[in-house]
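Data first, discussion second: the structure below is written as structure tokens.
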Amino acid sequence: MDMNPVERFVFRALAYTWPFYALGALYVVGPVLAWLLAGLALLCLYLGNAVRDDMQVTGSIPPLIWAWSAGMFVMLIALWLGHLNWGLGMKTLIKSSIGWAKGWALLALFPLAGALLPVRRDVIIRGQGAVGACTLVLAPILLAAPYIGLPERIFTSPLKAVGGPGPEYFTVYFFTFDPASWTPRWQFYAPWSPFAALLGVVSVLMALEEKDFKWRSIGIAAGVLMILASKSRMGLVGLVACTTLPRMMPLITKAWAWKTVAGLTASMAIIGTALLQFFQDFVAAFRGARADSTRVRETLQRIAYERWLNEAVWFGHGRVQPGPHLVEYMPIGSHHTWYGLLFVKGLVGFLALLGPMLWHTAFTMYDTARHPRGRLPLGIMLTLILLSFGENIEIEVYLLWPALMILGIHLREVSQD
């Protein structure tokens with residue numbers, strides 16, 4: 001595959017995911033890559049025709065990129081006001097602002113780079129396939145590790161000195177033991193297993209758009225392996241929902257599909273009660289599969305909501321806070337993007353993410369109904385939405401950068417149509 005200089009840089013940064021992980025450097029690479037690519041995009045936009053032909057920007061900044069940029073800037077303002085309202089001090093304010101630059105800001109920077117720089121989606125899809133190939137090569141030793149006496153943790157990189165959410169972001173693992181069942185789970189190059197499952201969903205989504213059968217097979221196999229080995233319920237939901245729903249969107253333009261829906265709706269009068277009972281039983285079994293985890297998450301969400309509503313409605317508490325023994329000392333404001341936003345950045349921060357996310361999701365749904373190019377971006381948006389209900393997006397976006405660049409590339413493709 002012929003590539004221009006920008007594409008080669010992006011491809012290599014993605015293909016070297018496992019080597020970067022082996023050094024404990026992924027959390028550093030992601031933000032550095034975001035600011036470099038966004039800075040290059042804006043520089044090329046400013047210089048215009050003075051840039052070499054194969055590096056010139058491909059258009060103007062799309063409205064959705066302006067929306068993401070505005071939303072993430074509002075997020076920074078909410079962070080500052082939350083710190084000032086609670087008197088957290090200048091040192092904490094600076095540290096949290098750096099955290100914003102390594103987290104929330106990336107939701108705008110990577111789509112900006114994708115929308116402006118001449119990077120084709122096929123290059124990123126092939127790069128994700130290279131990551132999948134490395135995953136499959138390493139899978140035998142990773143899967144065998146707990147049964148042949150290898151340790152959970154290999155080492156923690158000295159790069160943790162740069163600061164981050166926790167040492168697990170700089171630690172290289174073979175596997176981890178689930179504290180509830182003491183069975184092994186694998187997180188591959190992610191900091192923990194549920195996030196690895198969602199990265200597996202992204203791998204499958206990209207592989208489904210790969211034109212080469214060999215690379216398509218590799219990407220799908222690697223993604224499914226990550227989902228199954230992580231033992232994540234959220235990953236299984238994502239594998240089904242995020243791959244099938246985008247492919248069903250074109251049906252909304254078909255008359256026969258609406259007639260079928262009308263017939264199914266009418267049949268609910270007969271089988272509706274049985275279906276409702278089946279759904280309730282399924283949800284109960286789904287929640288009971290990891291009952292302790294579900295209890296901790298629900299308690300964290302309840303505490304975050306009540307403290308937001310009673311203490312800091314508009315700008316939140318400025319940062320997460322240690323939780324009580326009831327939630328196993330998990331930080332209040334973690335394990336859920338939306339409750340976390342309410343607790344940390346208040347209603348202002350909540351709306352700053354909700355606005356561009358809803359707009360972008362609606363945009364991809366509309367384009368998917370008209371054109372196959374929208375399937376991958378819509379699948380990515382559905383994955384982000386699913387992730388937001390079980391994790392904190394801002395501390396995981398450094399590994400989602402290929403998907404975010406695809407979102408920007410899609411906006412460029414639509415504008416050029």
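Counting only other residues whose beta carbon sits under 14 Å from that of PRO62, what net charge do I get with K and R as +1, D and E as -1? Before the final figure, lay out each step's value.
Numbers: positive: ARG412; negative: ASP367, GLU413, ASP417.
Value of the local net charge: -2.
Just subtract the alpha-carbon distance of LYS214 and SER415 from 0.36 nm times their residue separation and send over the number in nm, one decimal.
Details: separation 201, 0.36 × 201 = 72.36 nm, distance 3.15 nm.
Full extension of this stretch gives 69.2 nm more.
The portion of the accessible surface of the chain made up by carbon and sulfur, rounded to a whole percent, is 70 (1.4 Å probe; DNA, RNA and ligands excluded). Among residues other than GLU7 with Cβ under 13 Å from its Cβ, the summed charge is +2 (Lys and Arg +1, Asp and Glu -1).
Which shape class applies to the chain: rounded if a/c is under 1.5, otherwise prolate when a/b exceeds b/c and oblate if not, where a ≥ b ≥ c are the square roots of the Cα gyration tensor eigenvalues? Rounded, because the longest to shortest axis ratio a/c is under 1.5.
Taking the Cα centre of the range 3-104 as reference, the dipole from Cβ charges on Lys and Arg (+1) and Asp and Glu (-1) amounts to some 340 debye. For the chain, the relative contact order comes to 23 percent (Cα pairs under 8 Å, sequence separation of at least 6). Its residue count N sets the reference 2.2 N^0.38 Å, and the alpha-carbon radius of gyration of the range 26-113 equals 1.30 times that reference. Along the range 235-240 the Karplus relation, 6.51 cos²θ - 1.76 cosθ + 1.60 evaluated at θ = phi - 60°, assigns HN-Hα couplings of x, 5, 4, x, 4, 7 Hz to successive residues, with x for each Gly and Pro. For the range 22-30, putting each phi into the Karplus relation 6.51 cos²θ - 1.76 cosθ + 1.60 with θ = phi - 60° gives couplings of 4, 9, x, 10, 4, 5, 7, 4, x Hz, in residue order, rounded to whole numbers and with x for Gly and Pro.
The residues of the chain have, on average, 46 Å² of accessible surface per residue, using a 1.4 Å probe with all protein chains present.
Charges only on Cβ, +1 for Lys and Arg, -1 for Asp and Glu: so what's the dipole of the chain about the Cα centre, in debye to the nearest 20?
Working: 32 positive and 23 negative charges, 31 e Å.
That gives the chain a dipole magnitude of about 140 debye.
Counting only aspartates and glutamates at least 8 places from LYS211 when in the same chain, those with an alpha carbon closer than 19 Å to its own are ASP2, GLU7, ASP122, GLU413. Remark on ILE154: its backbone amide H falls under 5 Å from those of VAL172, TYR173, PHE174, a criterion applied only to residues 5 or more positions apart or on other chains, H modelled at 1.01 Å from N. Using the Cα centre of the range 297-417 as origin and beta-carbon charges of +1 (Lys, Arg) and -1 (Asp, Glu), tell me which of HIS317, TRP359, PRO331 is placed farthest towards the positive end of the dipole. With unit charges placed on the Cβ atoms, the residue in question is TRP359.
Measuring between their Cα centroids, the range 89-141 and the range 158-227 lie 14 Å from each other. Using the charge dipole of the chain (Lys, Arg: +1 at Cβ; Asp, Glu: -1 at Cβ; taken about the Cα centre), state which of LEU251, THR299, TYR147 has its Cα farthest towards the positive end. Checked the options; the winner is LEU251. In angstrom, the C-alpha Rg and Dmax of the range 105-233 are 16.2, 49. The ratio of the alpha-carbon radius of gyration of the range 75-147 to the globular-protein estimate 2.2 N^0.38 Å is 1.79. For the range 147-164, putting each phi into the Karplus relation 6.51 cos²θ - 1.76 cosθ + 1.60 with θ = phi - 60° gives couplings of 9, 10, x, 6, x, 5, 9, 8, 6, 10, 5, x, 5, 4, 5, 6, x, x Hz, in residue order, rounded to whole numbers and with x for Gly and Pro.
The values are calculated or read from the model by the stated rules, or taken from the named source; none is laboratory data. Just so it is clear, the structure is predicted and the values come from calculations on it, not from any experiment. So basically every Cβ, Gly included, is an ideal-geometry build from the backbone, and we count neighbours across all protein chains shown. Calculation scope for accessible area: heavy atoms of the full protein, side chains included, ligands and nucleic acids excluded. Shrake-Rupley method; radii C 1.70, N 1.55, O 1.52, S 1.80 Å.
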